[in-house]
1. Of all the residues that make up region 199-217, how many are more than 14 Å from ligand 1 (Cβ to nearest atom) and open to solvent by less than 10 Å² (accessible area, probe 1.4 Å)?
2. Suppose we filter GLU106, GLU139 for residues that are within 12 Å of ligand 1 (Cβ to nearest atom) and not β-branched (Val, Ile, Thr); which single one remains?
3. Can you list residue pairs whose Cβ atoms sit under 6 Å apart, with the first residue in region 204-231 being modelled with pLDDT of 95 or more and the second being among the small types (Gly, Ala, Ser) and open to solvent by 50 Å² or more (accessible area, probe 1.4 Å)? Count only pairs 6 or more apart in sequence or on different chains.
4. Kindly indicate the residue of region 289-306 that is acidic (Asp, Glu) and surrounded by fewer than 19 Cβ atoms within 10 Å (Cβ to Cβ) and also nearest to ligand 2 (Cβ to nearest atom) among those meeting that condition.
5. Specify which of the listed residues (ILE330, ILE286) is open to solvent by less than 60 Å² (accessible area, probe 1.4 Å), within 21 Å of ALA242 (Cα to Cα) and not basic (Lys, Arg).
6. With the condition being out of contact with any Gly (no Cβ under 6 Å at 6 or more places or on another chain) and crowded, with 24+ Cβ neighbours inside 10 Å, I'd like the helices (runs of 4 or more DSSP H) fully within region 85-198 carrying at least 3 qualifying residues.
7. Mind checking which residues of region 239-258 are crowded, with 19+ Cβ neighbours inside 10 Å and either among the hydrophobic types (A, V, I, L, M, F, W, C) or within 16 Å of ligand 2 (Cβ to nearest atom) (or both)?
8. Looking only at residues in region 218-236 that are among the hydrophobic types (A, V, I, L, M, F, W, C) and either more than 15 Å from ligand 2 (Cβ to nearest atom) or open to solvent by less than 50 Å² (accessible area, probe 1.4 Å) (or both), which one is nearest to SER280 (Cα to Cα)?
Amino acid sequence: MVTLQSKWRYLVMLLAVQLVVMALLSREGNQRRVSYFFRIFRKTEHTASPPHGHNGTSGGDVYANLSAPARSAAREDLPYCPRKSPLIGGPIRVTFPSGLTLSGVERKNPLVTRGGRYRPPDCEAKHRTAIIIPHRNREHHLKFFLYHVHPFLQRQQLDYGIYIIHQAGNYTFNRAKLMNVGFREAMREEDWDCLFFHDVDLIPEDDRNSYTCETVPKHAAIAMDKFGYKLPYKMYFGGVSALTPLQYLRMNGFPNNYWGWGGEDDDIGIRVSLGGMSISRPSVNIGRYKMIKHKLDTGNERNPERFNMLAKTRQTWKLDGMNSLDYELISREYRQLYTNITVNIGTEEGLHPTPKSAAPADARIPTSSSTKKEKQANAAGKKTPDH
Ligand code: UDP
Ligand code: MN
């Protein structure tokens, strides 16, 4: 006869077995099934029912139901993709798998071709979007970015390409100038109809956040986790923005003269309005991003001049931008998941600053924001180790 005590023992054993199975499943990436199991024990949550395939608060797997390799139809016979991609599902769960490698990301994205290019296999894309990413010493972020953004863009049935604009040397970083280089180099290659200027550490959390352009410049990263998923201030234009080539040229591109952290994104926002354009934005529940946590980088110290410079944008925007851009292309490499463009963007003093009279070569960068380390840096054509 089964006593009450042994009944409990069986129940506890059964639960323990269940937990082990759940732990194994979640290790193998079946988090959706696992969270479904746990939700049985929780009070029913009142969330809007998610669109196909995505589950409520935690979001769906960004790799779920992606297009399979093409049937044998010739490309020219393909129909146009529908206005709204059937692969769009809404909220996406952002995970950072441990032990992820770039070759692991390549295996997950078999339809991405050399240079980080993709076209939907079963229809002709209606939109052609280039993603431009300023970069230096963020290989770890880049890996997670590629892991998420490739399938994210594939869900939207875009014809896309990813460009990493890598600043050579270790002189002060210049995000906006790298974007200008990215614009010129990407447009040299293809007639893109939209360019997304994108920080490497921002991961979109909803695939309804469309990576296409609007009739006016778009600020896409309006709800970041680090700002409590709110726009920090009305004119904020940082993180991720999207412009057509015409919109970009109408505001003379981005400024080239913001060295170090801060200010350039506000300058860009001001340029949009000086160019006679307004800013469009997705809704806050869609323009959501997770920023991979990081500290301020060495070589990208706060620019103490930024407030003075911002006060002068009205006088400077027509003189400084795409029409004054100078840089030296060091290499263009077509890697499997992205095109890597390494550039020498020089310093405030130009591409090849000449040493001042008797001054030693490593003391030739006398800016108020320079640290001792920066002063020793020399950006002239030095290439950083390959990544
Ligand atoms: N960035 C980089 N290396 C650096 C500094 C910046 O690659 O040393 C790039 C990277 O794409 C990053 C972006 O510039 O996401 C903006 O810099 P940061 O993340 O420091 O700005 P914040 O987090 O304050 O918006
Ligand atoms: Mn950041």
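1. Residues flagged as more than 14 Å from ligand 1 (Cβ to nearest atom) and open to solvent by less than 10 Å² (accessible area, probe 1.4 Å) within region 199-217 amount to 5.
2. GLU139
3. Cβ pairs passing all conditions: VAL216/SER278.
4. Restricting to residues being acidic (Asp, Glu) and surrounded by fewer than 19 Cβ atoms within 10 Å (Cβ to Cβ), the top hit is ASP297.
5. Only one candidate passes the filter, namely ILE286.
6. Where helices (runs of 4 or more DSSP H) fall fully within region 85-198 and carry at least 3 residues being out of contact with any Gly (no Cβ under 6 Å at 6 or more places or on another chain) and crowded, with 24+ Cβ neighbours inside 10 Å, they are 139-155, 175-189.
7. Correct list: GLY239, VAL240, SER241, ALA242, LEU243, MET251, PHE254, TYR258.
8. To start, the set of residues in region 218-236 that are among the hydrophobic types (A, V, I, L, M, F, W, C) comprises 220-224, 227, 231, 235.
Next cut, either more than 15 Å from ligand 2 (Cβ to nearest atom) or open to solvent by less than 50 Å² (accessible area, probe 1.4 Å) (or both) only: 220-224, 231, 235.
Details: ALA220: 8, ALA221: 11, ILE222: 10, ALA223: 14, MET224: 17, LEU231: 13, MET235: 11 Å.
Per the stated criteria, the residue is ALA220.
The values are calculated or read from the model by the stated rules, or taken from the named source; none is laboratory data. Note that the structure is a prediction, hence the values are computed from the model and not measured. Positions of Cβ are backbone-derived with ideal geometry, glycine not excepted, and every protein chain shown enters the neighbour counts. When the accessible area is computed, the model is the full protein with side chains, heavy atoms only, and any ligands, DNA or RNA have been set aside. Shrake-Rupley method; radii C 1.70, N 1.55, O 1.52, S 1.80 Å.
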